[in-house]
Amino acid sequence: MAEQYWQLRCCDLFERISTDALQELERCSRARTFRRRAPIYLPADQGDAVFLLSSGRAKICHVTSEGKQSILSFIEPGELFGELSLFDQGARDEYAEAVEESLVVMIPADAMNRLMESQPQLALGVTKLIGLRRKRIEQRLKNLLFLSNRDRLTHLLLDLAQQYGKPSSAGPGAVALGIKLSHQELANVIGSTRESVTVVLGEMQAEKLIAIGRRQIELLDLKRLAQAVGRPEPAGASPPSVRSAAAPES
């Protein structure tokens, strides 16, 4: 079995696709390793491929005309991204960057579209993926319009706990975030500034809601954090599924 074929099979969307069809897709795809902070694709690049993250972590970003970066989502192993090229192969609006060293499989959009035409369940899965991501972007927009910096940051921390949380030695029920984000990166997710995020994190730490280490955040009281923004406490902290299509909300 080809290594790249195995990489395609690790994606939920391809689970029910026949071996012959996947091998055909594999023959026209190629894999490439990207170093940390290396761009996977850039704004204005031709959208002629869809990407599958095999290992590592990536982020999808948008840069405003003033040069300010906004992080739209994080991509985990087993996830497709750049999927809008399946419907519009014009210039891309956003860019993708490797957060850590990452192995990415690049699948030609034409080949993926041919497979979707013959496999209705794959087309439905891609449609659901796009719908989920659009819903999350719309929620982020609502948060930007109506919530304070603190509430937006609290929502983000709870989302990260649900997706990346792992047990912490800080006490019963405490959760350590298994993703390391700088204050600037947190600000880029919630549409704020690094200075504002630093102030809010300091307030939360003084209130013993969180503990902050070197780019490491522990949530000490999930219940209080959730109550502060009127949402249920996360059911439980566990490492993220390699096949999760969800990106953190903010």
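The values are calculated or read from the model by the stated rules, or taken from the named source; none is laboratory data. Owing to the predicted nature of the structure, the values given are computational and were not obtained by experimental measurement. Positions of Cβ are generated from backbone atoms using ideal geometry, with glycine treated the same way; all protein chains shown enter the neighbour counts. Calculation scope for accessible area: heavy atoms of the full protein, side chains included, ligands and nucleic acids excluded. Shrake-Rupley method; radii C 1.70, N 1.55, O 1.52, S 1.80 Å.
Report, by residue number, each residue of segment 8-23 that is touching a residue at least 40 places away in the same chain (Cβ under 8 Å) and either at positive phi or open to solvent by 10 Å² or more (accessible area, probe 1.4 Å) (or both). Full working, then the answer.
Of the residues in segment 8-23, the ones touching a residue at least 40 places away in the same chain (Cβ under 8 Å) are 8, 10-14, 16-17, 21.
Within segment 8-23, C10, D12, L13, R16, A21 qualify.
Take residues that are open to solvent by less than 40 Å² (accessible area, probe 1.4 Å), over 23 Å from N113 (Cβ atoms) and assigned by the TED database to the domain that holds A91 and tell me which of the strands (runs of 3 or more DSSP E) falling wholly in segment 34-78 contain 2 or more. Even if it seems obvious, please write down each step before you answer.
Details: elements: 39-41, 49-55, 58-63, 69-75.
By residue number, 58-63, 69-75.
When you look at V189, is it over 15 Å from the mean Cα position of the chain (by Cα) and of a type in the set (A, V, I, L, M, F, W, C), yes or no?
Values: over 15 Å from the mean Cα position of the chain (by Cα): no; of a type in the set (A, V, I, L, M, F, W, C): yes.
Criteria not met by V189.
Which one is nearest to N143 (Cα to Cα) among residues in segment 192-228 that are open to solvent by less than 40 Å² (accessible area, probe 1.4 Å) and part of a loop (DSSP other than H, G, I, E, B)?
S192
For the condition touching a residue at least 24 places away in the same chain (Cβ under 8 Å) and touching a Cys at 6+ places or on another chain (Cβ under 9 Å), what is the one hit in A174, A109, A96?
Details: A174 fails: touching a Cys at 6+ places or on another chain (Cβ under 9 Å); A109 fails: touching a Cys at 6+ places or on another chain (Cβ under 9 Å).
Sole residue among the options that is touching a residue at least 24 places away in the same chain (Cβ under 8 Å) and touching a Cys at 6+ places or on another chain (Cβ under 9 Å): A96.
Checking I217 against (1) modelled with pLDDT under 90; (2) under 26 Å from A58 (Cβ atoms): exactly one of these is not met. Which one?
Evaluating I217 over (1) modelled with pLDDT under 90; (2) under 26 Å from A58 (Cβ atoms) leaves (1) as the failure.
I want to confirm something. Restricting to segment 77-121 and keeping residues that are acidic (D, E) and touching a Leu at 6+ places or on another chain (Cβ under 7 Å), which single residue is farthest from L22 (Cα to Cα)?
Taking segment 77-121 first, the residues acidic (D, E) are 79, 83, 88, 93-94, 97, 100-101, 110, 117.
Subset that is touching a Leu at 6+ places or on another chain (Cβ under 7 Å): 79, 83, 94.
On the way: E79: 16, E83: 18, E94: 28 Å.
That would be E94.
So which residues in segment 129-148 are without any contact (Cβ under 8 Å) to a residue 24 or more places away in the chain and assigned to a helix (DSSP H, G or I)?
G131, R134, K135, E138, L141, K142, L145, F146
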